[in-house]
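The structure under discussion appears below in the form of structure tokens.
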Amino acid sequence: MDAASSTYHVPMSDERVRTILDRLRGQGGRVTAPRRRVIEAMLASPSHHLTAAEIVSAVRVSEPDFYESTVYRTLDRLVELAVIDRVLLGPGATIFHLPHRPHHHLLCERCGEVTEVSAELLDDLADQVHAEHQFRLHPSASTLVGVCQRCDRPHSPAHR
């Protein structure tokens, strides 16, 4: 999605915005104008999976002088406060994600398609890793790489 071409403004009466801002406050964070703008831009995206550059572009649609460094600082702080997740979906730019529910990502290594799957998918594995190694996994950071159904078909253009 081209974030710059979309209108990012989400009315502040929106229940999702209020919920996120309450969560931010509950984690000890202040609700500042830059944080609000970043959250609004992320909510306006249908996938809620954006790079920092896409967020900068989306915010600059209505605020052309918004500093890129402000977006990066805001994203870092929102990650620290567990309001958003930093997700690595293969090579390329880091994706910032505003989760609407806990989940993992399946990444097709051929076409790049990302599929969200239930958070419970890795629960048994996380429990086993913790029991055997006293190591606690961070499920929100989990991206499982493989081949999607479309690319796995023998005669698909992506199949090689």
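Every number here is computed from the coordinates shown, using simple stated rules; none is lab data. As the structure is a computational prediction, the values presented were derived from the model and not from experiment. Heads up, the Cβs are rebuilt from the backbone with ideal geometry, glycines too, and the neighbour counts pull from every protein chain shown.
Kindly provide the pair-distance distribution of the chain built from C-alpha pairs, with 5 Å bins from 0 and whole-percent values in order of increasing distance.
1, 9, 16, 17, 18, 15, 11, 7, 4, 2, 0
Build a GNM of the chain with springs between Cα atoms under 10 Å: which of 69, 57, 142 gets the top mean-square fluctuation?
Between 69, 57, 142, it is 69 that shows the largest mean-square fluctuation.
Multiplying the sequence separation of residue 150 and residue 25 by 0.36 nm and subtracting their Cα-Cα distance, what value in nm do you get?
Result: 40.7 nm gained on full extension.
Given charges of +1 on the Cβ of Lys and Arg and -1 on the Cβ of Asp and Glu, with all other atoms neutral, how large is the dipole of the chain about its Cα centre, in debye to the nearest 20?
For the chain, the charge dipole is close to 360 debye.
Loop only per DSSP, at most 15 neighbouring Cβ atoms within 10 Å: give me the chymotrypsin sites (Phe, Trp or Tyr not before Pro) in segment 45-141, ordered by residue number.
67, 135
Please state the charge dipole magnitude for segment 103-152, taken about the Cα centre, from unit charges on C-beta atoms (+1 on K and R, -1 on D and E), reported in debye and rounded to the nearest 20.
That gives segment 103-152 a dipole magnitude of about 200 debye.
Of 15, 113, 80, which is the most mobile in a GNM of the chain whose springs link Cα atoms less than 10 angstrom apart?
Evaluated over the chain, the most mobile residue of the options is 15.
Net charge around residue 49, counting only other residues with Cβ within less than 13 Å of its Cβ (Lys, Arg = +1; Asp, Glu = -1)?
-3
Residue 69 versus residue 133, label points 7 Å from Cα toward the beta carbon: distance in nm?
3.9
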